[in-house]
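The values are calculated or read from the model by the stated rules, or taken from the named source; none is laboratory data. Computed from a predicted structure; not experimentally measured. Reconstructed Cβ throughout: ideal geometry from the backbone, glycine too, with neighbour counts over all protein chains shown. All accessible areas refer to the heavy atoms of the entire protein, side chains included, with ligands and DNA or RNA removed. Shrake-Rupley method; radii C 1.70, N 1.55, O 1.52, S 1.80 Å.
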Amino acid sequence: MKSKGYLLAGLIIFAAFFGSSIFFESPLLLYIASAIPIFIVPFLPDIRTSQRLKPEQKGVEIVKLISDGGPEWLVVSFRPGTVNWSRRTLIVPFEQAPTVESVPTDDYTAALTVLQYDLRVRKGRQGRFGILLSNLSERTTGMPFTVNEVNRLLIPLNDIAESMPMPMPASAAVTSHSVELQA
């Protein structure tokens with residue numbers, strides 16, 4: 001919110017110097033006005049490179065699929081057009097996902113399997129992970145459907161578990177020993 005104020009103030013100052021340079025026909029004021037955008041750039045809002053799926057979002061369903069007694073797949077179902085495939089990553093929350101025994105399919109189900117190298121996990125972001133959408137887009141080039149028709153992502157839960165950083169137990173404290181080196 002504070003950066004929006006700085007951005008607005010910078011734009012007003014730029015407009016004032018630019019308008020003054022035209023009104024007074026001053027090249028010095030024009031040079032000053034041309035330098036002001038350099039100071040405005042740090043306050044510009046960031047362009048979002050990721051999209052976050054929300055389980056409560058209409059047309060989005062995230063469930064853990066049980067097979068042979070234990071959850072094996074995370075199934076992310078959505079309506080075509082929900083995912084913006086031009087973004088870099090798709091953020092998927094999975095901890096609160098309910099466990100089901102089957103997932104309904106219809107004639108228009110186009111599913112993609114998300115591989116482990118498609119997953120990105122940030123430290124400190126427990127319960128969610130990112131999927132690199134560019135990898136999925138490249139994988140569909142030889143398929144009879146496009147990414148815009150995809151309405152289901154299948155992610156092996158083992159891959160998610162392997163990608164997640166393991167929390168260090170409190171009993172496994174690291175001790176350091178001081179060593180002196182002489183040259």
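Points worth noting:
- Some residue of the stretch 74-84 being hydroxyl-bearing (Ser, Thr, Tyr) and farther than 23 Å from Ser137 by Cα: no
- Pair list, Cβ under 7 Å, 6 or more apart: the stretch 104-126 residue of a type in the set (S, T, N, Q), other residue surrounded by 13 or more Cβ atoms within 10 Å (Cβ to Cβ) and assigned to a loop (DSSP other than H, G, I, E, B): Thr109/Asn151
- Neighbours by Cβ (under 7 Å, 6+ apart or cross-chain): first from the stretch 5-34, under 28 Å from Pro45 (Cβ atoms); second exposed (fewer than 12 other Cβ atoms within 10 Å of the Cβ): Leu7/Leu44
- Checked against the criterion of being outside any loop (DSSP other than H, G, I, E, B) and open to solvent by 70 Å² or more (accessible area, probe 1.4 Å), the candidates Glu72, Glu56, Glu95 yield just one match: Glu72.
- Among the residues of the stretch 133-159, those that are touching a Leu at 6+ places or on another chain (Cβ under 9 Å) and within 16 Å of Phe94 (Cα to Cα) comprise Arg152, Leu153, Leu154, Ile155, Pro156, Leu157, Asp159.
One line per residue, one yes/no per condition, for (1) farther than 30 Å from Thr146 by Cα; (2) open to solvent by less than 40 Å² (accessible area, probe 1.4 Å); (3) touching a Pro at 6+ places or on another chain (Cβ under 7 Å); (4) basic (Lys, Arg):
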site: Ala35; (1), (2), (3), (4): yes, yes, no, no
site: Ser67; (1), (2), (3), (4): no, no, no, no
site: Thr82; (1), (2), (3), (4): no, yes, no, no
site: Ile91; (1), (2), (3), (4): no, yes, no, no
site: Asp107; (1), (2), (3), (4): no, no, no, no
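- Check on Pro42, within 30 Å of Leu132 (Cβ to Cβ) and not acidic (Asp, Glu): yes
- Tallying residues that are in contact (Cβ under 8 Å) with a residue 60 or more places away in the chain and among the basic types (Lys, Arg) within the stretch 71-102 yields 1.
- Boolean, Arg120 is of a type in the set (Lys, Arg) and either touching a Ser or Thr at 6+ places or on another chain (Cβ under 7 Å) or open to solvent by 70 Å² or more (accessible area, probe 1.4 Å) (or both): yes
- Residue selected from the stretch 4-27 under the condition of a type in the set (Gly, Ala, Ser) and surrounded by 11 or more Cβ atoms within 10 Å (Cβ to Cβ), by the criterion nearest to Ile38 (Cα to Cα): Gly10
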